Amino acid sequence: MSIQDIIEGKKQWRAHLARIKALPPDYQIVYKEMQKYLFKVGPVSLSDDSLLPGIVDFFEEGAADGKGVLELIGTDVAAFCDDLIKDSPTYADTYQESISAEPGTPGT
């Protein structure tokens with residue numbers, strides 16, 4: 001990764017944060033909770049730079065339509081996040097597969 005890639009990544013992240021700050025306050029709160037949850041769960045797709053911006057796109061559309069954030073996602077933020085990533089492997093899954101594949105590991 002070059003210094004230019006790092007600079008470009010920071011620019012993209014700052015633009016992403018500016019989009020979040022432009023959302024209504026209730027959307028911002030829910031987004032931050034979703035982000036915390038997804039960072040803890042660790043889906044591999046989180047690092048491909050499409051999941052979080054996709055959520056912001058979804059929220060921007062909902063806000064533009066005058067809907068409340070809970071109308072869009074329901075009252076259970078974790079369940080909504082789990083549904084978003086249900087087919088995505090997590091880093092824990094990847095790690096578990098790697099240690100299961102090692103020769104001499106019990107259970108292989």
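Positive-end ranking of 38, 54, 20 along the dipole of the chain, with charges on Cβ about the Cα centre, is headed by 20.
For the Cα atoms of the chain, what angle does the longest principal axis make with the long axis of helix 25-41, in degrees from 0 to 90, nearest 10? Orientation of helix 25-41: about 0 degrees from the principal axis. To the nearest 10 degrees, how steep is helix 3-21 against the longest Cα principal axis of the chain, on a 0 to 90 scale? Around 50 degrees separate the two axes.
Suppose every Lys and Arg Cβ carries +1 and every Asp and Glu Cβ carries -1, with no other charges. What dipole size does the chain come out with about its Cα centre, to the nearest 20 debye?
Values: 10 positive and 18 negative charges, 113 e Å.
Once rounded to the nearest 20, the dipole reads 540 debye.
Residue by residue, the stretch 50-64 carries 3J(HN,Hα) couplings of 10, 5, 5, x, x, 5, 5, 4, 4, 5, 4, 5, x, 5, 5 Hz when phi is fed to the Karplus relation 6.51 cos²θ - 1.76 cosθ + 1.60 (θ = phi - 60°); x denotes Gly or Pro.
Defining a contact as two alpha carbons under 8 Å apart and six or more residues distant in sequence, what relative contact order in percent does the chain show?
Values: 58 pairs, mean separation 30.8, N = 108.
Answer for the chain is 28 percent.
Would you mind putting 87-96, 2-11 in packing order, based on average other-beta-carbon counts within 10 Å, highest first? Display every interim value, and only then the final one.
Numbers: 87-96: 12.3, 2-11: 9.4.
Ranked from most to least packed, the peptides come out as 87-96, 2-11.
Only lysines eight or more places from residue 10 in sequence, or on another chain, were considered; those with a Cα closer than 21 Å are 21, 32, 36.
For the chain, the share of alpha carbon pairs falling in successive 5 Å distance bins from zero is 2, 10, 18, 19, 16, 13, 9, 6, 4, 2, 1, 0 percent. Amide H contacts for residue 90 (H built 1.01 Å from N in the peptide plane; partners 5 or more residues away or on another chain; cut-off under 5 Å): 44. Modelled spin-label separation between residue 19 and residue 67, with each label point placed 7 Å from Cα along the Cα-to-Cβ direction: 1.7 nm.
Coordinate-derived values only; no laboratory data. Because the structure is predicted, anything quoted here is derived from the model rather than measured. When we count neighbours, we look across all protein chains shown, and the Cβ atoms used for this are built from the backbone with ideal geometry, even at glycine.
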